[in-house]
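Before any comments, here is the structure.
The values are calculated or read from the model by the stated rules, or taken from the named source; none is laboratory data. Everything numeric in this text was worked out from a predicted model, so none of it was measured. Cβ coordinates were reconstructed from backbone atoms using ideal geometry, including for glycine residues, and neighbour counts include every protein chain displayed. The accessibility values were calculated without ligands, DNA or RNA, using every heavy atom of the protein model including side chains. Shrake-Rupley method; radii C 1.70, N 1.55, O 1.52, S 1.80 Å.
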Amino acid sequence: MPHFFKKIFLALFLTLALSIYAACQSSDNSQTEFDTVEIFAMDTVISIKAYGSNAEKALDAAVQEIHRLEKLLSVTEKDSEIYKLNSLKSITASDEVVNLLALSQEISSKTDGAFDISVYPLVSLYGFTKGEYRVPERCELEAALGCVGYEHILIQGDKIEIPDDASVDLGAIAKGYCGDRVAAVLEQNGVSSAVISIGGNVRLLGKKPDADGYSIAIRDPNNTQEYIGSVTVSDCSVVTSGSYQRYFEENGVIYHHIIDPKTGLCADSGLSSVTVICKDGATADALSTAFFVMGQEQAEQYYRNTDEISVILVSDSKEITVIGEVEFAPVESSEYTYSTTK
Ligand code: AMP
Ligand code: MG
């Protein structure tokens, strides 16, 4: 074939291949139209898949909402309300921040302080905020423990006050809240079905088109390339806390990012990961952190007093316990043992 025709042939082939690829991009195996976006924000990768003809415009609005929340809630952004609260110790806050602080305090009280946003001085000592990891001295931990106590956060109308030596961090609840807000914004923009993944925390809007539910895989805490099983769910949040998510190692010891507010040490309750499935993402996020600190027995006890959640606990000894109504399918060849409690 002459060189000129070869070129035309190649160009036609590439055009055809690209059209097929583009078609695959905008329809999954259910042949339903969708759009996706992926950004880095809130210190993690956030990806959103929205179905329907309004998806593109709705995703733009969702991205703006994520940036707005980051500016409002970040512990490191100098203009955020949380940064101002930590530096000024007393602020007039937006309704949104007031509500989030009030919800945090309520969950702290219900979990006997296992979840406590005032744990921030301890988190900073380990260097988790800036990624400058170090093992704190015992005396440093003791001094920082004196600054911790959710009950000292005063909320009076829109006025928030914390003690002079205290500081707060919404890192254990903000991503779940963000999932809820993104779902709301997508819905306001005409999307009724979407998957929002915020650093592995998943918020589902509505039902998956042409399916019973979304299948969400739960990561293996001992091998993060693998999964221990999956849940089939709709219109809810699936949030996991685990020691594998952020940690450093010193002298053969692992120091991870979930701190027991009573001891100042990395939580060591016998659990490797906790997944909470709940309609409200902020609650799911806060509870997954709390249960990780509390351990299996206390998490089960908490569950008995509520019917709004399901929980998947993975113990250090590789036992999976599924609590609640959620449909869980374990991976067949898994080395984990598995039981359910309703
Ligand atoms: P999560 O990944 O939702 O479990 O949240 C963990 C993050 O929340 C950490 O990186 C800290 O910033 C913060 N944190 C650590 N321990 C606690 C705790 N006991 N209560 C509330 N926030 C915590
Ligand atoms: Mg959390």
Under unit Cβ charges (Lys, Arg +1; Asp, Glu -1), what dipole magnitude, rounded to 20 debye, does the chain have relative to its Cα centre? 980 debye
Amide H proximity to Tyr338 below 5 Å, modelled H, separation 5+ or other chain, gives Ile320
In degrees, nearest 10, the alpha-carbon axis of helix 3-25 is tilted away from the dominant principal axis of the alpha carbons of the chain by 40 degrees
Just name one of Ala282, Gly190, Val231: the one whose Cα is farthest towards the positive end of the charge dipole of the chain (beta-carbon charges, Lys/Arg +1, Asp/Glu -1). Gly190
Given Lys78/Lys130; Lys71/Lys130; Lys49/Lys175; Lys175/Lys342, which pairs have Cα atoms separated by over 19 Å? Lys175/Lys342
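Over all distinct Cα pairs, what is the inverse of the mean 1/r for the stretch 205-267, reported as the Kirkwood hydrodynamic radius in Å?
14.3 Å
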Could you work out the pair-distance distribution P(r) of the chain from its alpha-carbon pairs, with 20 angstrom bin width and percents rounded to whole numbers? 29, 54, 15, 3, 0
Summed over the other residues with a beta carbon less than 12 angstrom from that of Glu325, with K and R at +1 and D and E at -1, the charge totals -2
The computed P(r) of the stretch 264-342 puts the percent of Cα pairs beyond 17 Å at 42 percent
Considering only Ile155, Ala143, Ile117, whose Cα is most displaced toward the positive end of the charge dipole of the stretch 81-169, charges sitting on Cβ of Lys, Arg (+1) and Asp, Glu (-1)? Ala143
Sort 117-123, 186-192, 159-165 for me by packing, meaning the mean count of neighbouring Cβ atoms within 10 Å per residue, highest on top. 117-123, 186-192, 159-165
In degrees rounded to 10, the 0-90 angle between helix 55-73 Cα long axis and the longest Cα principal axis of the chain is 20 degrees
Hull surface divided by four, with the convex hull built on the Cα atoms of the stretch 81-169: how many nm²? 5.8 nm²
Regression test value, accessible area per residue of the stretch 81-169, probe 1.4 Å, units Å², expected 48 Å²
Whole number in Å², please: accessible area per residue of the stretch 199-326, 1.4 Å probe, ligands, DNA and RNA not counted. 42 Å²
What do you get for the angle between helix 281-294 and the principal long axis of the chain? Use alpha-carbon atoms, 0 to 90 degrees, nearest ten. 50 degrees
